[in-house]
Ligand SMILES: Nc1ncnc2c1ncn2[C@@H]1O[C@H](COP(=O)(O)OP(=O)(O)OP(=O)(O)O)[C@@H](O)[C@H]1O
Ligand SMILES: [Mg+2]
């Protein structure tokens, strides 16, 4: 196997953070998500705190769909929770445009109301909107995720991917500017997986200024991304073009398989 192209991705040649960001579909030049020099350790009772994030920096442009990848345990979910404000970093700075929404992996943790329409409208109660405005937001959000025909359906009858799309519609109805999505497709079959990822892509393409950061292990999903970030051992080690990061991970995987077979 020819591994020569791995050299192109050595640390030296990887586009450094805060340099020019390769952008496939430029809509705005401002930044929606930024974490700088983040450090994080989980407090433990018995042993010295183990560092999870180490001087980790990330920057995502507004209006784009970026993906975050890396081996199990490298700190992707921890970083996402810090960006969502669910965890506080030990040091470093965070900027994320608001309102923002964090969507979890398990579809059954996403939906709370009996029907699709009620679930999407759930978060709007606090906004003091007229009932016409609520109906219009719910209808636009369900349209964006391709779930208009399911408005009156009981959420219990939906597939996992349909529940994820309803959760995303809820965030869009609340006019969230940033979607933080942690491995939404892990438990889904292929058709639900494609449905959810297309729903996010379409939401960004039809709602001005919405940004999504999507954690995944599935390399084929990179085909839908405007850019990607690759983490190892608590820090970002590659950043930028999704195709290059896909080739880099594929090369790493084949190298690993070659090693264990030799
Ligand atoms: N509550 C916790 N207390 C102690 N350690 C934790 C806690 N949550 C996560 N960790 C550890 O932090 C490290 C990073 O975990 P994290 O969940 O961020 O990784 P990840 O990249 O999302 O992994 P995966 O791909 O498996 O989802 C792991 O070593 C994990 O065991
Ligand atoms: Mg995780």
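What follows draws every value from the coordinates through simple rules; no lab data is involved. As the structure is a prediction and not an experimental result, all values here were calculated from the model. For neighbour counting, all protein chains shown are included, and Cβ atoms are generated from backbone atoms with ideal geometry for every residue, glycine included.
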message = Within a 10 angstrom radius of the beta carbon, how do 214, 66 rank from fewest other beta carbons to most?
response = 66, 214
The stretch 28-261 - Rg over Rh from alpha carbon coordinates, Kirkwood radius = 0.99
task = Order by neighbour count: 31, 60, 245, 260, fewest other Cβ atoms within 10 Å first, most last.
result = 260, 31, 245, 60
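Run the numbers on the chain and let me know its relative contact order in percent, using alpha-carbon pairs under 8 Å that are six or more apart.
Numbers: 501 pairs, mean separation 71.0, N = 262.
Over the chain, the number comes to 27 percent.
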request  = Please determine, in degrees from 0 to 90 and to the nearest 10, the orientation of helix 242-261 with respect to the longest principal axis defined by the Cα atoms of the chain, where the helix direction is its Cα long axis.
outcome  = 60 degrees
Taking 130, 185 and counting other C-beta atoms within 10 Å, the order from fewest to most = 130, 185
note = With Cα coordinates, the longest principal axis of the chain makes an angle with the long axis of helix 160-173, in degrees rounded to 10, of 70 degrees
inquiry  = Could you work out [θ]222 nm for the chain from helices alone, using -39500 (n - 2.57) per DSSP H run of at least four and dividing by all its residues? Round to the nearest 500 deg cm²/dmol.
reply    = -9500 deg cm²/dmol
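Pull up the DSSP beta bridges for the chain and report the antiparallel fraction as a percent, rounded to 5. Mind dumping the intermediate values first?
Numbers: 19 of 36 bridges.
Among the beta bridges of the chain, antiparallel pairing accounts for roughly 55 percent.
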query = Once fully extended, how much extra length lies between residue 39 and residue 190, figured as 0.36 nm per residue of separation less the alpha-carbon to alpha-carbon distance?
reply = 50.8 nm
query = Roughly how tilted is helix 131-144, in degrees to the nearest 10 and between 0 and 90, from the longest Cα axis of the chain?
reply = 40 degrees
remark   = If the chain between residue 156 and residue 223 were fully extended at 0.36 nm per residue, the gain over the current Cα-Cα distance would be 21.0 nm
task = Any chance you could run the full-extension gain for residue 132 through residue 261? It's 0.36 nm times the residue separation minus the Cα-Cα distance, nm to one decimal.
result = 40.1 nm
Whole-number percent relative contact order across the stretch 189-243, with pairs defined as alpha carbons under 8 Å at least 6 apart = 24 percent
